[in-house]
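The structure appears below as structure tokens.
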Amino acid sequence: EPVSTLVEAGSSYQEGAAALSRIAQVERLATEPVDRRTGALPGQKAAMPGPASVRFEDVSFHYRAGLPNVHTGVSFEVPGTGMTAFVGPSGAGKSTVFALIERFYEATGGRVLVDGKDVRDWSLPQLRSVIGYVEQDAPVLAGTLRENLVFAAPGATDDDIHDVLARTKLDTLVDRLPHGLDTPVGHRGSKLSGGERQRIAIARALLRKPRLLLLDEATSQLDAVNELALRDVVTEVARETTVLVVAHRLSTVTGADRIVVMDAGRVRSVGTHEELVVQDRLYAQLAATQLLAPTR
Ligand code: ATP
């Protein structure tokens with residue numbers, strides 16, 4: 001038995017040593033120093049201020065060679081303002097729009113432009129500094145509310161934090177918590193509701209002062225109060241920042257400035273809620289099943 005324990009210890013040691021050497025390699029990787037506020041690399045001009053515009057020009061995309069196209073000839077334009085929602089059946093390719101804007105993947109055909117510039121011509125740190133991305137069911141980590149907010153924006157001041165908390169309607173939550181911002185929010189935010197977790201993720205993204213906010217709406221059901229709060233927050237943020245929302249519930253986006261209806265990797269139609277209920281049969285069906293009563 002002692003011999004076998006020793007042998008096991010030897011192999012654990014080797015695995016640990018290999019992992020440590022890999023960590024050391026990653027730590028030595030060169031990083032591009034970036035101006036935190038503007039996203040500019042040294043010697044480059046700061047990115048254009050104000051809300052960013054987005055354009056897809058005849059974009060085709062598949063995740064891997066041999067897999068079918070997830071996007072086929074996708075084109076749409078989002079001017080640098082307001083809220084644009086993407087709706088459509090599951091698997092239509094909505095979240096993939098965000099993956100291409102963030103350049104997690106590159107289009108296999110056509111072009112994706114942010115501020116009129118092909119995303120492949122941006123430096124990645126600069127592109128990502130323009131974008132705030134709130135993923136579906138974004139994580140809230142064990143730790144305090146403050147830690148959860150500032151980990152992506154370490155330079156944020158208390159004034160910055162209180163400003164985004166007010167904008168995301170979380171100020172009342174902070175007042176309710178026993179130690180305010182310094183209250184631990186529990187493992188994966190278990191002490192918070194789904195709606196509060198999503199708004200914390202939005203607040204965290206806003207602290208980095210993005211010019212383009214990508215919000216992949218949580219699929220989990222929100223209660224009516226949280227749903228209304230989320231809608232108000234997004235509408236408010238869209239006054240100063242371009243906001244793109246992948247919507248799993250029409251009720252949160254009926255007031256969007258434009259709605260892009262996607263189906264099977266293509267754009268079916270673009271319009272406001274009022275236009276689409278009349279013009280697009282698929283949208284009218286979605287509206288009929290999801291909205292018991294018109295929301296505006
Ligand atoms: P949902 O409303 O269910 O979130 P969606 O409209 O956002 O769907 P996408 O997430 O963009 O759709 O996915 C479009 C298609 O691409 C789906 O068939 C999905 O299975 C596939 N897909 C998504 N991510 C990947 C990936 N990383 N690798 C391979 N296929 C993927």
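FYI, it's all coordinate maths here, none of it is from the lab. Since the structure is predicted, the reported quantities are computational estimates derived from the model, not experimental observations. Positions of Cβ are backbone-derived with ideal geometry, glycine not excepted, and every protein chain shown enters the neighbour counts.
For the stretch 192-269, what is the Kirkwood estimate of the hydrodynamic radius, computed as the reciprocal of the mean inverse distance between distinct Cα atoms, to one decimal in Å? Numbers along the way, then the final one.
Working: mean 1/r = 0.0754 Å⁻¹.
Result for the stretch 192-269, one decimal place: 13.3 Å.
For the stretch 80-85, take each phi angle, set θ = phi - 60°, evaluate the Karplus expression 6.51 cos²θ - 1.76 cosθ + 1.60, and give the result in whole Hz per residue in order, putting x for glycine and proline.
Result, rounded to whole Hz: x, 5, x, 10, 10, 10.
Among the DSSP beta bridges whose two residues both lie in the chain, what percent are antiparallel, rounded to the nearest 5?
Working: 18 of 35 bridges.
Antiparallel: roughly 50 percent of the beta bridges in the chain.
Can you tell me which aspartates and glutamates have their Cα less than 18 Å from the Cα of Lys117? Leave out same-chain residues fewer than eight positions away.
Lys117 reaches Glu57, Asp58, Glu77, Glu102, Glu106.
Please work out the Kirkwood hydrodynamic radius for the stretch 40-196, using every pair of different C-alpha atoms, and report it in angstroms with one decimal place. Provide the component values of the computation, followed by the final result.
On the way: mean 1/r = 0.0546 Å⁻¹.
Taking every pair of different Cα atoms in the stretch 40-196, averaging 1/r and inverting gives 18.3 Å.
Just the projected area, averaged over all directions, of the convex hull on the alpha carbon atoms of the stretch 128-228: how many nm²? Walk me through the numbers on the way to the answer.
Values: hull surface 24.2 nm².
Dividing the Cα hull surface by four gives the mean projection, 6.0 nm².
In units of 2.2 N^0.38 Å, what is the alpha-carbon radius of gyration of the chain? Could you put the intermediate results ahead of the total?
On the way: Rg = 21.8 Å, N = 296, 2.2 N^0.38 = 19.1 Å.
Its radius of gyration relative to the 2.2 N^0.38 Å reference: 1.14.
Span-like helices, the chain: DSSP H, alpha-carbon axial extent 24 Å or more, mean Kyte-Doolittle -1.0 or greater, which ones? Please list the in-between numbers first.
Numbers: long enough: 2-28 (39 Å, -0.01).
Passing helices, by number: 2-28.
Want the number for Ser95 to Leu141: 0.36 nm per residue separation, take away the alpha-carbon distance, what's left?
Working: separation 46, 0.36 × 46 = 16.56 nm, distance 2.32 nm.
So the chain would gain 14.2 nm between Ser95 and Leu141.
Between Arg239 and Glu15, with labels modelled 7 Å along Cα→Cβ, what's the label distance in nm to one decimal, could you check?
About 5.5 nm separates the two model spin labels.
Taking every DSSP beta bridge that has both residues in the stretch 164-296, what percent is antiparallel when rounded to the nearest 5? Spell out each step's value before the answer.
Working: 5 of 10 bridges.
Antiparallel bridges: around 50 percent, rounded to the nearest 5.
Can you pull the percent of Cα pairs in the stretch 154-296 with separation above 17 Å?
On the way: 6494 of 10153 pairs.
Within the stretch 154-296, distances greater than 17 Å cover 64 percent of Cα pairs.
Could you tell me the calculated FRET efficiency between Leu124 and Ser4, based on Cβ-Cβ distance and R0 = 35 angstrom, to the nearest 0.05?
0.10
Give the peptides 142-152, 281-291 in descending order of average Cβ contacts within 10 Å, highest first. Walk me through the numbers on the way to the answer.
Working: 142-152: 17.5, 281-291: 14.9.
Taking the mean over residues of other Cβ atoms within 10 Å, the ranking is 142-152, 281-291.
If packing is taken as the average number of other Cβ atoms within 10 Å across a peptide's residues, how do 204-210, 131-137 rank, most packed first?
On the way: 204-210: 22.6, 131-137: 19.9.
Top of the packing list down: 204-210, 131-137.
Long-range amide H contacts for Phe86: which residues qualify at under 5 Å (H placed 1.01 Å from N, peptide plane, sequence gap of 5 or more or a different chain)?
Val245, Val246, Ala247, Val260
Connecting C-alpha atoms closer than 10 Å in a GNM of the chain, tell me which of His248, His179, His71 has the biggest fluctuation.
Fluctuation is largest for His179.
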